[in-house]
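Undergrad: Take a look at the following structure, please.
What follows is calculated from the coordinates using simple rules that are stated; it is not laboratory data. Quick caveat: nothing in here was measured; it's all calculated off a predicted structure. Positions of Cβ are backbone-derived with ideal geometry, glycine not excepted, and every protein chain shown enters the neighbour counts.
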Amino acid sequence: MAIQDVVEPAMVVGVSGIYGSYLLYGILQEGIYKHANEGGDKFTFTWTLLLLQCLANLAGATICAYFSKSVPPVPATGFVVPATTYILAMLTSNEALRYVSFPIQVLAKSCKMVPVMIIKALFFNQKYSLREYLMVLSVTAGIVIFRMKDKSGAENSWYGIMLLVVSLIADGLTGPNQDECKRKYSASSHQIMFYCNLWALAYLAAGLVMYDGTAGFTYILDSPTLLPQIFLFCAASALGQNFIFYVLHSYGALVLATVTTTRKFFTVFASIVYYGHVLSSQQWVGVGFVTVGLGLELYGKFSRHSSSSKAKAKLSE
């Protein structure tokens with residue numbers, strides 16, 4: 001069987017788009033928070049950065065919705081909940097970069113299922129398999145091992161880790177709420193992207209008044225080398241979101257989960273190479289534990305997908 005019979009050219013474009021967009025996104029995001037102006041002041045304006053990012057995402061969603069003819073009206077108020085968790089996840093994840101190194105942020109963000117599983121087990125009596133518990137244990141152990149061997153002192157603070165935990169919980173709630181909007185309103189992927197970013201902008205505008213004010217924009221305009229980085233960062237974000245929705249719509253959640261999980265590790269390695277992070281052997285062990293945990297998660301997804309396909313095949317006989 002030829003490779004083109006297994007992997008469609010359109011899938012290669014979609015997957016390459018996700019990898020390319022988010023590798024660039026990650027490198028630029030880390031660079032923005034490492035940036036210091038002539039006075040030595042680092043970039044700390046998370047609200048300003050996310051406002052610009054969501055503006056770019058909104059523009060990208062509007063253009064794609066127009067060309068894909070996603071025009072049926074849906075009520076904007078129906079997207080308040082997923083927009084809230086969406087922007088909370090982004091805020092806490094970006095803010096965490098002020099307190100943790102980029103590799104640990106990406107590794108922690110790879111563990112979306114961990115807090116969700118803990119909450120369901122404690123409060124909703126959800127039962128899990130041995131494989132799922134091993135996955136949680138492996139991922140958690142990997143993050144702890146990575147954090148224990150930190151040589152940068154306060155760079156990886158526990159406050160930053162807690163911000164990432166909040167981000168993970170918000171991330172875990174965003175997907176199901178977006179699925180509910182899709183089911184309830186027959187909304188297209190680009191409409192969901194549009195309304196989530198529209199509400200996010202409203203939240204960010206209010207937060208900007210209370211926190212950053214105009215200081216963030218002043219900092220950016222006074223830093224000639226930072227402005228093009230932020231422009232490319234926002235463009236990569238908008239492009240990446242559209243590639244994600246394209247792969248999800250065309251090839252399903254399983255393919256998307258595989259791509260987004262593996263690209264996180266390429267992002268970690270790109271950061272290590274590009275910014276010269278030096279990991280100890282113990283930290284590489286931590287990365288290995290996270291890799292095993294995510295491998296178990298992907299194995300579970302493929303197993304459920306295979307069982308579901310076989311059940312559907314039997315029903316159709």
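Undergrad: For region 41-98 and region 197-227, what is the separation of their C-alpha centers, rounded to whole Å?
TA: Spelled out, the Cα-based centre of one part sits 13 Å from the other.
Undergrad: Then there's this: Would you mind calculating the gained length between Y299 and A141 on full extension (0.36 nm times residue separation, minus the Cα-Cα distance), in nm to one decimal?
TA: 55.0 nm
Undergrad: For R98, R131, which order do you get if you count the other beta carbons within 10 Å of each Cβ and list the fewest first?
TA: Least to most surrounded, the residues fall as R131, R98.
Undergrad: Further question on the same structure: Taking θ as phi - 60°, what are the ³J(HN,Hα) couplings along region 268-276 by the Karplus curve (6.51, -1.76, 1.60), each to the nearest whole Hz, with x for Gly and Pro?
TA: Karplus-based 3J(HN,Hα) across region 268-276 equals 4, 5, 4, 5, 4, 6, 5, 9, x Hz.
Undergrad: Please compute the length gained on full extension between V278 and R131, using 0.36 nm multiplied by the number of residues separating them and subtracting their Cα-Cα distance.
TA: Gain on stretching V278 to R131: 49.7 nm.
Undergrad: Bin by bin, in steps of 10 Å, what percent of the Cα pairs in region 27-77 do you find, going until the bin that has the longest distance?
TA: Over region 27-77, the share of Cα pairs per 10 Å bin runs 20, 34, 22, 17, 7, 0 percent.
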